[in-house]
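The values are calculated or read from the model by the stated rules, or taken from the named source; none is laboratory data. Model, not experiment: these values are computed from the prediction. Reconstructed Cβ throughout: ideal geometry from the backbone, glycine too, with neighbour counts over all protein chains shown. Note: accessible area is taken over every heavy atom of the protein model, side chains too, but ligands, DNA and RNA are not part of it. Shrake-Rupley method; radii C 1.70, N 1.55, O 1.52, S 1.80 Å.
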Amino acid sequence: MLERILRTAKRVAVRLAASLKRFPEPLALAFVTVLILIYLNHAASRPDYLMRVAMTLALGIPLTLSLRVLWERGGGRKVLPVLAYGLAALFLLAYYHLLLPDENMVSMTRYIAFNLAFYLLFLAIPYWGRREGFEMYVLDLGIAFAATYFYSLVLFMGLAAILYTINTLFSAGIPGEVYLDIWLIVVGIFAPAYFLAGVPAYGAEYESGDYPQFLQILFLYIVMPLLAVYTAILYLYFFQIIITRHWPAGIVSHLVLWYSLVSTGVIFAIYPLKERNRWVQLFIGYFPKLILPLLLMLFVAMGIRIRAYGVTENRYLVLAGGLWSTGTMLYFALKKDNRNVIVVLSAALVALLVVTGPWSAYAVSKYSQNKEFKELLLKNDMLVAGQIVPSSTIPQADKERITSIINYFHYDHSLADLKFLPPGFTLEQMEEVFGFDLTYGSWGQYFRHHLDGEPRLLAVADYDYYLPLFAGWHDGMEVKEGELAISYTYPVLKIEREGQTIYERDLEEVALGIHAAHEGEVVLDKEDMALVEENEQVRVMLLFQHIDGREEEGLLQIEWMELAVLVKVF
């Protein structure tokens, strides 16, 4: 048994060494990224820039992987990879400073798109210009990826079980952060190294009989019949639209988009079976043509939404995905001898285009929402000589639409990007500038309060215990320490000693009291967000970090609270 374990360990070590030799730059970036994440896991304060550094280094992994397979494909002088990696380093530096200033919606969606594009390039580069074997190559990598991370999950669970047992039996005091450290090491270092060792070398050949049997069963007898049934359902709905002339709802566009994307993936995956399976031939021959009328529903539904509310990033991405799916289906339908590497490269190109340049989702959405905003102001005579004129008598629907546009810029971009607003405008000035407060529809009017963002120290010497609490209407928890027990069952916080209640407080009541005292204010000082109470047995400080709630038909309700509970027992 020991000998077998040693042989297995040796094979794994050899595999990891081969991976490091073939892909040193991506694995080095993965290693440094994991080190930064482990540091952040243990750090008392977590600088935002370090997380952005880790994200930028992680983006370098697919970028350097693409450069490595490109170099393997082309060969040549060694000066070329040095130049390429130098340009890659400059790109990552520029990306960090220009395209990842913080972790907002724009930065994160752009980051996902760039990662997707680089990983797709990594897949496509070895087979650009080659007609045979690409689909099998991608399936091979997909199976290896799934197997690698299954092994990694088992490895992590085993290591975590060992640590838990040691901690429980020997009171070793191993902190909970160590479990996350192990997870990061396993999935961030071990798994990529193990997976990359199995990436086929450039020029690898595949035979027609190499297609995995379990995938044939999955696609031919499960996935393809399900897609056929789903197609029939969508066609019934399509005919219902034609008969009733009731145009499709917005959700239809998302259903059709994901259906078309899944269908594209299935056609790609079964393409190697085209010449030896009649069912696959019929599916590939007719299915792309059948999807095209259904994609028309996607564009009609999105056109209705855009006409009513303008373009947003979500609608733009749905349209971009629909256009790419339509182009792909036309390619499948019209081209008899496909080079499916083009499908992957086109997806990479679309991923980059939708997040960069003046045609990007962000630029187009901001332009569209500014246009909608101007039209609403002009419609209600609220824009004179480029200045907003307050009015409280405009229709409720227009108040809600103006509120929606302002919230869109506030949360997803910047209020400075919305034209006609006075310089330095904040949500607290809404009634002063527009003549009405933020106005919502049937879901009521939301409110929120949070501590100012300035870092500060909190004196805890006068307290014995500190408990962070994240509290929503569905949450509950209980913590015990010796004779003391602290429990929370929405909305009541209770402290007991030796089974006797020594403190009890309705946290929603406290949060609503803070809201009543500071209605209309979002950022509050520590003194405004804290409550200190004391009796003969205990002193308690409740320091709220976030309070989110909603007012509907005069009824106030807290939906989320984040607070620190400090306890001193006498």
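With every protein chain left in place and a probe of 1.4 Å, what is the accessible surface of Thr33, to the nearest 10 Å²?
My reading of the accessible area for Thr33 is about 10 Å².
Suppose the Debye formula is applied to equal point scatterers at every Cα of segment 359-503; what is log10 I(q)/I(0) at q = 0.10, 0.12, 0.13, 0.22 Å⁻¹?
Those come out to -0.58, -0.70, -0.75, -1.41, one per q.
Taking the inverse of the average 1/r across all pairs of different Cα atoms in segment 463-544, what Kirkwood radius in Å do you get?
13.8
Would you calculate the convex hull of the Cα atoms in segment 1-49 and tell me its volume per residue in Å³?
Working: hull volume 3.6 nm³, N = 49.
With only Cα atoms used, segment 1-49 gives 74 Å³ per residue.
Report, in cubic angstrom per residue, the convex hull volume of the C-alpha atoms of segment 35-157.
Working: hull volume 18.5 nm³, N = 123.
Per residue, the Cα convex hull of segment 35-157 comes to 150 Å³.
May I ask you to list the GluC sites (Glu not before Pro) in segment 526-570 that are in a DSSP loop and have at most 14 other Cβ atoms within 10 Å of their Cβ? Mind dumping the intermediate values first?
Details: sites: Glu527, Glu533, Glu534, Glu536, Glu551, Glu552, Glu553, Glu559, Glu562; in loops: Glu527, Glu536, Glu553.
When the GluC sites (Glu not before Pro) of segment 526-570 are filtered for loop state and at most 14 Cβ neighbours within 10 Å, Glu527, Glu536, Glu553 remain.
Need one word for segment 386-428: rounded, prolate or oblate. Basis is the Cα gyration tensor (sqrt eigenvalues a ≥ b ≥ c); a/c below 1.5 gives rounded, then a/b vs b/c decides.
On the way: a/c = 2.23, a/b = 1.31, b/c = 1.70.
It is oblate, given that a/c is not under 1.5 and a/b is not larger than b/c.
Give me the distance between the Cα centres of segment 219-294 and segment 350-420, rounded to whole Å.
Segment 219-294 and segment 350-420 have Cα centres spaced 37 Å from each other.
In bins 10 Å wide, starting from 0, what share of all Cα pairs of segment 284-328 does each bin hold, as a percent?
Taking all Cα pairs of segment 284-328, the binned fractions are 27, 50, 19, 5 percent.
To the nearest 0.05, what FRET efficiency results for Leu323 and Tyr446 with a Förster distance of 41 Å applied to their C-beta separation? If you can, show how the numbers build up before the last one.
On the way: r = 35 Å, r/R0 = 0.84.
E(calc), rounded to 0.05, equals 0.75.
Provide the solvent-accessible area of Tyr411, counting protein heavy atoms only and rolling a 1.4 Å probe, rounded to the nearest 10 Å².
Near enough 110 Å² of accessible area.
Check each of the trypsin sites (Lys or Arg not before Pro) in segment 53-123 and keep only those in coil by DSSP with at most 14 other C-beta atoms within 10 angstrom; list them in order.
Working: sites: Arg68, Arg73, Arg77, Lys78, Arg110; in loops: Arg77, Lys78.
The qualifying sites are Arg77, Lys78.
Once you have the Cα-Cα distance between Gln213 and Ala363, take 0.36 nm times their residue separation minus that, and quote the gain in nm to one decimal. Can you show the working numbers first?
Details: separation 150, 0.36 × 150 = 54.00 nm, distance 4.71 nm.
Net length gain for the segment: 49.3 nm.
Hey, any idea what the orientation-averaged projected area of the convex hull of segment 229-320's Cα atoms comes to, in nm²?
6.5
Let me check the size of segment 285-437 from its C-alpha atoms; what are the radius of gyration and Dmax in Å?
20.3, 65
Hand me the GluC sites (Glu not before Pro) from segment 120-209 located in a DSSP loop with no more than 16 other Cβ atoms within 10 Å, in residue order please.
On the way: sites: Glu132, Glu135, Glu177, Glu205, Glu207; in loops: Glu132, Glu205, Glu207.
For GluC sites (Glu not before Pro) across segment 120-209 that sit outside H, G, I, E and B with at most 16 neighbouring Cβ atoms in 10 Å, the list reads Glu132, Glu205, Glu207.
With a 1.4 Å probe and every protein chain left in place, work out the accessible area per residue of segment 1-109 in Å², rounded to a whole number. Could the numbers behind the result be given before it?
Numbers: 6570 Å² over 109 residues.
Result: 60 Å² per residue.
Which value in nm describes the separation of the simple spin-label points at Tyr235 and Leu282, placed 7 Å from the Cα toward the beta carbon?
Spacing of the two 7 Å Cα→Cβ label points: 1.3 nm.
Determine Rg/Rh for segment 147-239; Rg is computed over alpha-carbon atoms and Rh is the Kirkwood hydrodynamic estimate from the same atoms. Spell out each step's value before the answer.
Working: Rg = 22.3 Å, Rh = 17.9 Å.
Result for segment 147-239 is an Rg/Rh of 1.25.
Apply the Debye scattering formula to the chain, with a single equal point scatterer on each alpha-carbon and no solvent, then give log10 I(q)/I(0) at q = 0.09 Å⁻¹.
Values returned for q = 0.09 Å⁻¹ are -1.02.
Please state the charge dipole magnitude for segment 149-294, taken about the Cα centre, from unit charges on C-beta atoms (+1 on K and R, -1 on D and E), reported in debye and rounded to the nearest 20.
Values: 5 positive and 6 negative charges, 146 e Å.
Here segment 149-294 has a charge dipole of around 700 debye.
For the chain, give the percent of accessible area contributed by carbon and sulfur heavy atoms, probe 1.4 Å, rounded to a whole number. Mind dumping the intermediate values first?
On the way: 19660 of 30910 Å².
Percent of accessible area from carbon and sulfur atoms in the chain: 64.
Taking 8 Å as the Cα distance limit and 6 or more residues as the minimum spacing, I'd like the relative contact order of the chain as a percentage. Numbers along the way, then the final one.
Numbers: 643 pairs, mean separation 60.2, N = 570.
Once normalised by length, the contact order is 11 percent.
Would you list, by chain and number, the lysines whose Cα falls below 28 Å from the Cα of Lys21, excluding same-chain residues fewer than 8 positions away?
Lys10, Lys78
How high is the FRET efficiency between Val389 and Asp528 when r is their beta carbon distance and R₀ equals 35 Å, given to the nearest 0.05? Please report the intermediate quantities before stating the final value.
On the way: r = 34 Å, r/R0 = 0.96.
Using R0 = 35 Å, I get an efficiency of 0.55.
Can you classify segment 506-570 as rounded, prolate or oblate using the Cα gyration tensor, where a ≥ b ≥ c are the square roots of its eigenvalues, rounded means a/c under 1.5, and otherwise it's prolate if a/b beats b/c and oblate if not?
Working: a/c = 2.49, a/b = 1.92, b/c = 1.29.
Since a/c reaches 1.5 and a/b is larger than b/c, the shape of segment 506-570 is classed as prolate.
Segment 197-266: D in µm²/s via Stokes-Einstein (Kirkwood Rh, Cα pairs, 25 °C, 0.890 mPa s)?
On the way: Rh = 15.3 Å.
The Stokes-Einstein estimate is 160 µm²/s.
Under 37 °C and 0.692 mPa s, how fast does segment 32-78 diffuse according to Stokes-Einstein, given a Kirkwood radius computed over C-alpha pairs? Answer in µm²/s, whole number.
Calculated translational D: 264 µm²/s.
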